[in-house]
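S.K.: Input: one structure, supplied below.
Read the figures in this text as sums done on the coordinates, not as results from a lab. Because the structure is predicted, anything quoted here is derived from the model rather than measured. Note that we place each Cβ from the backbone using ideal geometry, even for glycine, and neighbour counts take in every protein chain shown.
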Amino acid sequence: MKSWVEYWNSDHPIYVSERHKRVHAAAVGQDILRQIHTSDAVVLDHGCGEALYAEAVAAGCAKLFLCEAAPAVRQKLASRVAGIPATEVIDADAVAALEDASLDLVVANSLAQYLTSAQLIGLLDLWRRKLKPNGSLVIADVVPPNVSPITDAAALLRLGWQGGFLGAALAGLVKTALSDYRRVRATLGFATYSEAEFLALLRANRFEGRRIRPNFGHNQARMAFRATPAP
């Protein structure tokens with residue numbers, strides 16, 4: 001694999017079952033909806049993946065842009081959401097082409113860990129330009145340096161127990177352990193940040209930020225932040 005985009009564009013063992021995928025998506029959809037404070041909001045979900053929650057989130061805002069870098073994922077997503085009003089699937093170039101100061105909310109869930117420092121800084125600059133002066137940026141599922149694979153596994157097993165796919169979760173952990181995910185992660189890099197480091201990164205890139213709880217999804221050992229453009 002030459003990039004994380006190439007990895008996400010291929011078959012991968014991140015979800016242990018179809019039920020896991022849908023339970024996770026439903027939770028993330030509710031998490032995004034909690035961050036939308038007005039029904040006339042224009043929202044960008046950057047790095048959205050399959051976005052199985054798209055219909056629910058679109059119903060809570062005026063316009064929903066879904067940005068996905070992996071071409072195969074983006075194509076399937078565009079086909080699936082074609083009938084959802086005020087929803088548009090776009091790539092990174094299309095985000096750059098959006099009108100400046102046009103977005104009320106930018107959400108980036110489970111994205112920061114797959115970006116280099118330079119890539120994240122570039123996106124912070126882009127998002128700041130596209131947000132309205134009173135708009136908000138929410139970056140979720142940021143991984144702290146001290147979160148171990150055991151912590152992640154325990155969080156998945158709790159979700160499996162609660163969501164009715166514990167057996168699949170156990171089998172999925174074995175499958176992931178035997179897959180090339182760890183090798184890809186070691187080769188391509190996996191960014192981690194402490195809370196203080198991430199807040200400092202936001203400040204350095206002209207955002208005023210704070211940590212918010214809960215984090216998106218099931219893993220509360222990871223972090224979420226909400227920020228607004230600084231003057």
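S.K.: Sorting 65, 190, 216 on the 10 Å Cβ count, fewest up front, what's the list?
M.R.: Working: 65 22, 190 13, 216 27.
Ascending number of Cβ neighbours within 10 Å: 190, 65, 216.
S.K.: Right, something else. How much net charge surrounds residue 225 when only the other residues with a Cβ under 15 Å from the Cβ of residue 225 are counted, with Lys and Arg +1 and Asp and Glu -1? Could you put the intermediate results ahead of the total?
M.R.: On the way: positive: 34, 128, 203, 206, 210, 211, 213, 222, 226; negative: 31, 141, 195, 197, 208.
The answer is +4.
S.K.: Another question, if that's okay. Karplus couplings for region 45-55 from phi (6.51 cos²θ - 1.76 cosθ + 1.60, θ = phi - 60°), rounded to Hz, Gly and Pro as x?
M.R.: Going residue by residue, I get 9, 9, x, 7, x, 6, 6, 5, 8, 4, 4 Hz, with x marking Gly and Pro.
S.K.: Now for a separate question. Provide the net charge surrounding residue 57, with neighbours chosen by a C-beta distance below 14 Å and charges set as Lys +1, Arg +1, Asp -1, Glu -1. It would help to have the intermediate numbers written out before the result.
M.R.: On the way: positive: 34, 63, 80; negative: 31, 45, 50, 55, 88, 104.
Within the 14 Å Cβ shell, the charges total -3.
S.K.: Put a dot 7 Å past each Cα toward the Cβ at residue 38 and residue 19; how far apart are the dots in nm?
M.R.: For the pair residue 19/residue 38, the computed spacing is 4.2 nm.
S.K.: So which aspartates and glutamates pass the test for residue 2, namely a Cα distance under 17 Å, with those fewer than 8 places away in the same chain ruled out?
M.R.: Within reach: 11, 180.
S.K.: According to a simple spin-label model (label point 7 Å from Cα along Cα-to-Cβ), what is the distance in nm between residue 210 and residue 82?
M.R.: 4.4
S.K.: Which of the lysines could a cross-linker span from residue 21 if the Cα-Cα distance has to be under 21 Å and same-chain partners fewer than 8 positions apart are dropped?
M.R.: 76, 175
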